[in-house]
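Encoded as structure tokens, the structure appears first; notes follow it.
Quick note: the coordinates plus some simple rules give every number you see, no bench work behind them. Fair warning: this is a prediction, and the values are worked out from it, not measured in the lab. Cβ: placed from backbone, ideal geometry, glycine included. Neighbour counts: every protein chain shown.
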Amino acid sequence: MNARRLSERLAAVAGRVREGAVLADIGSDHAYLPCHLALRGLISKGIAGEVAKGPFESAAATIREEELDGTVEARLADGLDAIHPEDGVDTVSIAGMGGPLIASILERGKDRLDGVGRLVLQPNINAVAIRKWGVANGWAVTGEEILKEDGKIYEILVLEPGHASYDDKELLFGPLLMKEKSEVFREKWQREALSWKQILRQMEQASNAEEIGKRQEGLQQAIMMATEVLEDEKSESQ
Ligand code: SAM
């Protein structure tokens, strides 16, 4: 992967950034995403925010090599601190981290989101944490995508300002993804349900302590929801 040729995962994130956007890409190891969009003239300005020195230097090097100094800027900053009011950022992307970490970055920096109209988020795991953060903070899920690359399954979420409420299934599976029920979606949740069942079996053999009982209930509930969502799809297609 490089700024000219993105992975399928990052290309899907890039595809959700509106033409002409002022983009802040947070956790922008190598700055491939903003540089890719700038090289194609698809963003008017890009900020590559990085908290770690090594990745920040890689981001700065990509910007230099691609001669994008006037359009993309690397900033060494924690989360949304990379965004300054005068930047006029309207789109924030955060990709390649766990859902809870993405949600905590948004939570800690939410006062920097004034004027931002779109969040493009790609959690590697636990997208549910982002949907819950969105509901609690006035962001609705307006786009969702799921894809498989090199054996790994990724979800991409687009959030825009708006009030939405989702039930437990929509929070876990994604309100749009669970309607679409693509091949990859079914594979993801079949895999997850299988691993929850294995954990349950191991717990049953281990102990009966109260804490374990609660965790078992949570897993049983999740398995039941996955079964219902996957079975809905069978009955819909009959
Ligand atoms: N976004 C790129 C992608 O999807 O390919 C890079 C993903 S890399 C796995 C995650 C990057 O996020 C790392 O370079 C890490 O230093 C950075 N990161 C983690 N927490 C961060 C934070 N609070 N603020 C800025 N960057 C952060």
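Points to keep in mind about this one:
- Integer Hz, Karplus 6.51/-1.76/1.60 couplings in order for region 157-164, x for Gly and Pro: 10, 10, 10, 10, x, x, 9, 9
- For the chain, built as a Gaussian network whose Cα springs stay under 10 Å, the top-fluctuating residue of Leu172, Leu119, Leu200: Leu200
- When the chain is treated as a GNM with alpha-carbon contacts under 10 Å, the residue of Val184, Val72, Val89 showing the greatest mean-square fluctuation is Val184.
- Taking a ≥ b ≥ c as the square roots of the Cα gyration tensor eigenvalues, region 20-95 comes out oblate, since a/c reaches at least 1.5 and a/b does not exceed b/c.
- Note on the chain: GNM, Cα springs under 10 Å; of Ile146, Ile125, Ile199, the largest mean-square fluctuation is that of Ile199.
- Integer Hz, Karplus 6.51/-1.76/1.60 couplings in order for region 147-155, x for Gly and Pro: 8, 10, 9, 6, x, 9, 9, 10, 10
- Of all lysines in the structure, those lying under 29 Å Cα to Cα from Lys169, and not within fewer than 8 positions of it along the same chain, are Lys110, Lys132, Lys148, Lys152, Lys179, Lys181, Lys188, Lys197, Lys214, Lys234.
- Cut-off under 5 Å, modelled amide H: who pairs with Ala74 long-range: Ala48
- Rounded, prolate or oblate (a/c below 1.5 giving rounded, otherwise prolate when a/b exceeds b/c) for region 68-165 by Cα gyration tensor: oblate
- For the chain, DSSP calls about 40 percent of its internal beta bridges antiparallel.
- HN-Hα J in Hz across region 165-172 - Karplus 6.51, -1.76, 1.60, θ = phi - 60°, x for Gly and Pro: 10, 10, 7, 4, 5, 5, 5, 6
- Euclidean distance of C-alpha centroids, region 135-155 and region 1-53, integer Å: 17
- Relative contact order of the chain: 13 percent, from C-alpha pairs under 8 Å at least 6 residues apart in sequence.
- Viscosity 1.306 mPa s, 10 °C: Kirkwood-radius Stokes-Einstein D of the chain over Cα pairs, µm²/s: 84
- Both numbers refer to the Cα atoms of region 151-238; Rg and Dmax are 15.3, 47 Å.
- Exposed loop positions in the chain were taken to be trypsin sites (Lys or Arg not before Pro) whose DSSP state is not H, G, I, E or B and which have at most 12 other beta-carbon atoms within 10 angstrom. Between these positions, the longest stretch is 41-238.
- One way to sum up the overall shape of region 1-136 is the equivalent ellipsoid from its Cα gyration tensor, whose semi-axes run 22, 16, 14 Å, largest first.
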